[in-house]
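Read the figures in this text as sums done on the coordinates, not as results from a lab. Computed from a prediction, not measured in an experiment: that's the story for all the values here. Cβ: placed from backbone, ideal geometry, glycine included. Neighbour counts: every protein chain shown.
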C-alpha cells in the first residue's frame, strides 16, 4: 500500500495540471497571477526534479517532469494570449 502513495499523488498532480490547463484554455486567460503561478511552479518542479534524480525516485521524476511540461505549455499559452490581446486594436464604443 505505501508503494501506491507516490503513484496516486503523481496521478492527482497531473490531473490537477490538466484541469488548470483546461481552465486557462476555456477562459483565454492573460491573468498575471496565472503567469506568476506558472513561474513559481516551474521553479518548484525543477527543484523537485533535481531532488528526485539525485535519489533515483522514479515516480517523483515522472511527476516533476510531466508537471514541468504541462506548466511550460500553460505559460506559453498565457504569454501568447497576452501578446494577441496587445496587438488587437482598441475600438472605441
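Sorted on the mean count of surrounding Cβ atoms within 10 Å across their residues, most packed first, peptides 13-21, 51-59 read 13-21, 51-59. Mean projection of the Cα convex hull over all viewing directions, computed for the range 4-87: 5.3 nm².
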